[in-house]
Amino acid sequence: MKPPLRVAVTGAAGQISYNLIFSIANGDMLGPDQPVALHLLEIPIAMDGLRGVAMEIDDCAFPLVTEIVLTSDPAVAFKGVHWALLVGSKPRGKGMERNDLIRENGPIFVSQGKALNDNAAADVKVLVVGNPCNTNCLIAQRNAPRIPRDHWFAMTRLDHNRAIAQLAIKSKRPVASVTNMTIWGNHSATQYPDFQHARIDGKPTMEAIGDRAWLETDFISTVQQRGARVIEARGKSSAASAANAAMGHVHTFTFGTAPGDWTSAAVVSDGSYGVPEGIVSSFPIRVKKGGAWEIVQGLDIDAFGREKLKKTIVELEAEREVVRDLLQR
Ligand code: NAD
Ligand code: LMR
């Protein structure tokens with residue numbers, strides 16, 4: 001039996017976590033032979049709800065779960081953890097943009113960044129889900145100087161999956177036929193879902209779909225606005241698909257991307273593709289088994305794509321200005 005990996009989930013009594021934690025416990029994220037110790041963080045007022053979640057975890061009798069820690073103290077939640085999934089924060093409601101939450105949710109990521117810095121395992125990796133996730137990730141990362149920059153991620157995997165699904169539906173091909181998808185920039189309405197480098201059955205998307213007007217307009221706006229459409233329909237933001245994306249992210253950054261393919265994740269920019277160094281932006285990322293990753297280099301971005309990339313980067317820089325006071329430890 002392998003030693004357990006410690007996985008922290010914040011906002012553990014919330015709707016995403018209600019799906020996510022059970023899949024982690026079942027071995028879907030880190031593998032069917034990997035025991036896990038669950039570290040579940042909530043705010044004090046939600047601790048009763050969290051105790052109910054813990055009862056249900058017990059009642060599943062998951063063979064892989066070695067321990068369940070329930071706490072409202074980030075220092076306890078992050079003690080010795082190998083992965084931290086930062087979900088806990090307020091979701092937007094109808095008619096809001098994700099960055100309307102920035103001053104309300106941002107401070108959460110100051111204290112959690114500090115607590116991760118001081119308590120997590122030396123090799124901890126952090127995935128920020130709570131919105132606006134790119135800038136929240138930047139805040140936490142800047143408050144945790146001990147944790148290497150390449151261990152920080154904000155989640156654009158849901159956008160990535162949405163983009164793949166839309167191309168599969170349009171081309172009437174199975175989802176597995178769609179590869180090499182990239183989400184560039186912010187997890188927001190300015191993100192650029194890049195159809196130009198995506199492939200369907202190995203063919204360029206343009207060739208497989210043959211409708212550039214649809215790709216440039218409906219495809220992009222459907223992916224950009226999907227979160228808002230789900231909120232309109234459900235009255236609550238996406239939860240099962242968000243949990244599935246978080247699991248997919250960690251799985252990929254553990255087991256690697258398929259040969260020739262890549263994934264999307266927001267990482268601390270190293271200046272690739274002219275994205276300003278230091279901001280947390282989504283890129284095409286190739287991952288090796290074990291989790292070492294690199295930004296895919298050398299993609300040729302045309303004038304249309306450059307314009308889209310510029311717009312989302314301008315927004316990320318503006319968000320950084322709004323939280324500048326939260327970026328210093
Ligand atoms: P939710 O309101 O159902 O749950 C959030 C939970 O976080 C609540 O239980 C709350 O008590 C808890 N919480 C709040 N502050 C906390 C803190 N300081 N420490 C620990 N826990 C805290 O919300 P949800 O639907 O689960 O969504 C959570 C976040 O994820 C939202 O910000 C939402 O916008 C975001 N989200 C991101 C993506 C993405 O693709 N990146 C997708 C879906 C949702
Ligand atoms: C999503 O993309 O579904 C989430 O970020 C929730 C939201 O606010 O759209």
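The values are calculated or read from the model by the stated rules, or taken from the named source; none is laboratory data. Predicted model, so just to flag it, every value in this text is computed and none were measured. Glycine also receives a Cβ, built like all others from the backbone with ideal geometry; neighbour counts cover every protein chain displayed. These accessible areas exclude ligands, DNA and RNA; they are computed on the full protein's heavy atoms, side chains included. Shrake-Rupley method; radii C 1.70, N 1.55, O 1.52, S 1.80 Å.
Here are the numbers for the structure shown:
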| quantity | calculated |
| --- | --- |
| Most mobile listed residue (MET247, MET155, MET206) in the chain, GNM with C-alpha springs under 10 Å | MET206 |
| Angle in degrees between helix 102-119 and the longest Cα principal axis of the chain, rounded to the nearest 10 | 60 |
| Crossing angle, helix 157-171 versus the chain [Cα axis fit, 0-90 degrees, rounded to tens] | 40 |
| 16 Å Cα-Cα reach of LYS114 towards lysines, excluding residues that sit fewer than 8 places from it in its own chain | LYS79, LYS125 |
| Global geometry of the range 5-154, whether rounded, prolate or oblate, following the gyration tensor of its Cα atoms and the 1.5 cut on a/c | oblate |
| Spatially proximal aspartates and glutamates relative to LYS289 (Cα-Cα < 14 Å; intrachain offsets below 8 disregarded) | ASP261 |
| Average accessible area per residue (Å²) across the range 5-154 - probe 1.4 Å, nucleic acids and ligands excluded | 37 |
| Cα pair count fraction exceeding 30 Å, expressed as % - the chain | 31 |
| Residue-count net charge about ALA165 - beta-carbon cut-off 12 Å; Lys, Arg +1, Asp, Glu -1 | +3 |
| Under-5 Å amide H pairs with THR66, H placed in peptide plane, nonlocal only | VAL36, ALA37, LEU38 |
| Packing-based order for 291-304, 263-276, 213-226, using average beta carbon neighbours within 10 Å, highest first | 263-276, 213-226, 291-304 |
| In Hz, Karplus ³J(HN,Hα) per residue of the range 303-316 (6.51, -1.76, 1.60; θ = phi - 60°; x = Gly, Pro) | 4, 4, x, 4, 5, 5, 5, 4, 4, 6, 5, 4, 5, 5 |
| Across LYS170/LYS310; LYS170/LYS311; LYS90/LYS288; LYS236/LYS308; LYS203/LYS236, pairs whose alpha-carbon gap is larger than 32 Å | LYS90/LYS288; LYS203/LYS236 |
| Residue among LYS288, LYS172, LYS90 with the largest mean-square fluctuation in a Gaussian network model of the chain, springs linking Cα atoms under 10 Å | LYS172 |
| Accessible carbon and sulfur surface of the chain relative to its total accessible area, %, 1.4 Å | 53 |
